Amino acid sequence: QRLLRLAEMCRRLETEDEKVLPFYTSSLAKWEQQDARRILLATPDEPLARAMKDYIALEKFWQRFNKAKLEEKALEKARAALANRNRHLRELLQRYLAGAALSQKAPRDPPPL
């Protein structure tokens, strides 16, 4: 039930392109695609493979879920990079302000000899 609720939520958040176009384009060669299609259409011998046939409908959900996770990780990485840049810029600003404060404290006229 949780997966179905998540799938419904994902469906509502899809862009028009995701609703209309296929989610992923295949990077397989034509003969590899034919091979994969032949294997998918064959009756599986192993019990686990037979059980997996029941969950083929969730493949699109898992593709979207994985894409969302990848985007989340990319955003985390970008956020960390921005935090580092922000920290660096703050350090530069503190150095600049410390230098400006020192120059204001220093006398403007040189001391007489």
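Each label was represented as a point 7 Å from its Cα along the Cα-to-Cβ direction; for residue 15 and residue 3 these points are 2.7 nm apart. The orientation-averaged shadow of the Cα convex hull for segment 1-104, equal to a quarter of the hull surface, comes to 12.6 nm².
Where a number appears in this text, it was derived from the coordinates with a stated rule and is not lab data. These figures come from a predicted structure and were not determined experimentally. Methodologically, a virtual Cβ is constructed for each residue, glycine included, from the backbone with ideal geometry; neighbour enumeration extends over all protein chains shown.
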